[in-house]
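**Student:** The following block contains the structure, expressed as structure tokens.
The values are calculated or read from the model by the stated rules, or taken from the named source; none is laboratory data. Just so it is clear, the structure is predicted and the values come from calculations on it, not from any experiment. In this analysis, Cβ positions are derived from the backbone assuming ideal geometry, glycine residues included, and neighbour counts consider all displayed protein chains. We work out accessible area using only protein heavy atoms, side chains counted, and drop any ligands, DNA or RNA first. Shrake-Rupley method; radii C 1.70, N 1.55, O 1.52, S 1.80 Å.
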Amino acid sequence: MSNNRSFWVWINERLPISGFLKASMTEYYAPKNFNFWYFFGSLALLVLVLQIFSGIFLLAHYYSHANQAFDSVQGIMFDVKWGWLVRYIHATGASMFFLVIYLHISRAYLYGSFRKPREVLWILGWIIYIVLMAEAYFGYVLPFGNMSYWGGEVITAIIGSIPVVGDWLVSIVRGGPGLGGATLTRFMAFHVVLIPLLLIVIVVVHLVALHQVGSNNPDGIEISKKLDAHGRPLDGIPFHPYYTVKDIYGIGVFLTIFAIIILFAPTFHGLILEYDNYIPANPLQTPHDVTPAWYLSPYYAILRSIPSKGLGILTLGASIMLPFFLPWLDRCPAKSVRYRPVYFAMLLALATSLLVLGWIGMQPASPALLPPARIALGVYIGFFILLPIISRFEPVRPVPDRVRS
Ligand code: HEM
């Protein structure tokens with residue numbers, strides 16, 4: 001015991017472990033009224049770690065050669081001991097990552113967590129989301145099933161419609177005129193090294209920014225404004241043990257759901273692993289409908305809803321960039337949806353538009369789906385255009401001084 005103590009003292013004199021744990025856990029005060037929506041930050045962290053570790057095991061057996069990539073993945077599924085489990089963890093993990101992130105982002109919309117003083121935290125989060133989309137795209141191409149191939153073709157072809165430099169850029173991205181071994185090798189470099197490194201760095205900075213400004217909460221009130229005699233927030237509780245226990249509970253529930261999906265419904269009716277990806281890449285055989293994974297489908301619907309390719313890409317780019325400006329678009333004195341009935345209605349419209357776009361993006365292209373896609377796109381963009389105006393004049397219910405327990 002005393003040996004342990006002296007080692008603790010010795011190491012702390014050389015590395016500020018105990019100071020770090022104090023500042024970020026036992027003496028870091030978080031609002032006492034966190035609810036369901038506050039599970040998803042720690043879960044996002046968990047899935048990031050799961051993806052990195054399952055990815056390392058997959059990499060030990062994957063070949064990025066055009067003629068071997070598909071077979072190496074089948075080898076992982078059938079020949080490598082527990083390979084099927086590792087692959088399903090990674091494939092299901094990708095979908096769960098987006099599910100968790102979408103819930104995490106929804107919380108920010110609900111409680112105005114993007115507002116002052118959390119603008120940088122929000123911008124970093126949105127960059128993470130964009131980087132994550134790139135990560136998922138590159139990963140999707142690697143197994144080189146037929147859907148990987150055609151998904152890769154379609155998206156890289158979009159780059160080709162950029163004026164002047166388009167063709168040159170496509171050949172750089174593909175590593176040749178078409179998708180092949182060179183494409184797989186560079187996509188692997190992005191998927192395995194560049195983007196995970198970027199993600200880790202930005203997530204760490206995201207957490208540093210969070211600890212600088214402290215968490216928001218379901219009431220959207222700053223707890224740092226009401227302090228006790230010791231300078232601690234009256235409505236705050238130490239992160240450890242209160243929220244470490246809460247997060248461990250969330251992790252338990254999450255892992256149970258995760259395991260049930262992996263063990264009983266790993267393809268999830270084509271939502272997690274598409275049926276066309278059980279066929280090797282074939283440049284001569286286009287799948288029935290080339291549609292992206294569910295988590296990117298709203299963007300695909302936006303792209304398809306505009307006949308001019310150039311305008312489509314511009315609109316898609318604008319749709320992805322608009323949320324960056326949210327902290328300055330929302331001007332209501334209250335932050336949380338709890339005190340803003342009109343904002344609540346706007347969020348419902350926004351969520352519905354994204355669900356409609358997401359559904360349309362997964363359907364085969366059809367002229368009948370153009371009008372609903374355009375209406376949904378109008379609602380989505382309309383949310384950001386109207387927010388600065390409506391948020392100035394919307395009715396606000398009385399916001400309490402202290403958080404509601
Ligand atoms: C790998 C991805 C991410 C990880 C690991 C992560 C992690 C976290 C953690 C641990 C928290 C504190 C706990 C919580 O509030 O739930 C947090 C808060 C926050 N995150 Fe993320 N995050 C990620 C992505 C994002 C994205 C994509 C966005 C937005 C676009 C975002 C926006 C925020 C905001 C605004 C907060 C503060 C929320 C509040 O205080 O109410 N994060 N994040």
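**Student:** Being open to solvent by 20 Å² or more (accessible area, probe 1.4 Å) and not in a helix (DSSP H, G or I) is the filter here, so list the residues in the range 104-141 that pass it.
**Tutor:** 115, 116, 117
**Student:** So how many residues does the range 223-265 have that are over 21 Å from residue 118 (Cβ atoms), surrounded by 15 or more Cβ atoms within 10 Å (Cβ to Cβ) and of a type in the set (Gly, Ala, Ser)?
**Tutor:** The total comes to 1.
**Student:** Right, something else. Residues 129, 149, 140, 109: which one is within 22 Å of residue 286 (Cα to Cα) and under 20 Å from the mean Cα position of the chain (by Cα)?
**Tutor:** Of the residues listed, the single one that is within 22 Å of residue 286 (Cα to Cα) and under 20 Å from the mean Cα position of the chain (by Cα) is 140.
**Student:** Are there any helices (runs of 4 or more DSSP H) wholly within the range 302-366 with 1 or more residues that are of a type in the set (D, E, K, R) and not assigned by TED's automatic domain parsing to the domain that holds residue 163, and if so which?
**Tutor:** Ranges flagged: 309-321.
**Student:** Within the set of pairs 6 or more residues apart or between chains, which connect a residue that is more than 20 Å from residue 82 (Cβ to Cβ) inside the range 257-281 to a residue that is open to solvent by 30 Å² or more (accessible area, probe 1.4 Å) with Cβ atoms less than 7 Å apart?
**Tutor:** From the range 257-281, the pairs are 271/294.
**Student:** Among the residues of the range 30-53, count how many are of a type in the set (S, T, N, Q) and within 8 Å of the ligand (Cβ to nearest atom).
**Tutor:** Adding up the residues that qualify gives 1.
**Student:** So for the range 182-192 (the condition being within 16 Å of the ligand (Cβ to nearest atom), in the same structural domain as residue 48 (by TED's automatic domain parsing) and not in a loop (DSSP other than H, G, I, E, B)), does at least one residue qualify?
**Tutor:** Within the range 182-192 (the criterion being within 16 Å of the ligand (Cβ to nearest atom), in the same structural domain as residue 48 (by TED's automatic domain parsing) and not in a loop (DSSP other than H, G, I, E, B)), the answer is yes, since at least one residue qualifies.
**Student:** If you don't mind, there's one more thing I want to ask. Inside the range 209-252, can you point out the residues that are away from the ligand (no atom under 15 Å from the Cβ) and closer than 30 Å to residue 91 by Cβ?
**Tutor:** 252 - this is the single residue of the range 209-252 that is away from the ligand (no atom under 15 Å from the Cβ) and closer than 30 Å to residue 91 by Cβ.
**Student:** Please go through the range 75-103 and pick out each residue that is open to solvent by 40 Å² or more (accessible area, probe 1.4 Å) and either more than 20 Å from residue 263 (Cα to Cα) or touching a Pro at 6+ places or on another chain (Cβ under 9 Å) (or both).
**Tutor:** Across the range 75-103, the qualifying residues are 84, 102, 103.
**Student:** Out of 397, 404, which single residue is in contact with a helix residue (DSSP H, G or I) (Cβ under 8 Å, 6 or more places away or on another chain), among the charged types (D, E, K, R) and not assigned by TED's automatic domain parsing to the domain that holds residue 120?
**Tutor:** The match here is 397.
**Student:** Quick one: count up the residues across the range 13-28 that are within 13 Å of the ligand (Cβ to nearest atom) and either open to solvent by 40 Å² or more (accessible area, probe 1.4 Å) or assigned to a loop (DSSP other than H, G, I, E, B) (or both).
**Tutor:** 2
**Student:** Another question, then. Need the failing condition index for residue 60 against (1) within 16 Å of the ligand (Cβ to nearest atom); (2) surrounded by fewer than 18 Cβ atoms within 10 Å (Cβ to Cβ); (3) of a type outside the set (Ser, Thr, Tyr), just the number.
**Tutor:** In the conditions (1) within 16 Å of the ligand (Cβ to nearest atom); (2) surrounded by fewer than 18 Cβ atoms within 10 Å (Cβ to Cβ); (3) of a type outside the set (Ser, Thr, Tyr), residue 60 misses (1) alone.
**Student:** State which residue is surrounded by the fewest Cβ atoms within 10 Å (Cβ to Cβ) when the search covers only the range 308-327 and only residues that are touching a helix residue (DSSP H, G or I) at 6+ places or on another chain (Cβ under 8 Å) and hydrophobic (A, V, I, L, M, F, W, C).
**Tutor:** Per the stated criteria, the residue is 318.
**Student:** Here is a further query. With 10, 82 as the choices, which residue is within 30 Å of residue 211 (Cα to Cα), away from the ligand (no atom under 16 Å from the Cβ), modelled with pLDDT of 95 or more and not aliphatic (A, V, I, L, M)?
**Tutor:** Matching residue, one of 10, 82: 10.
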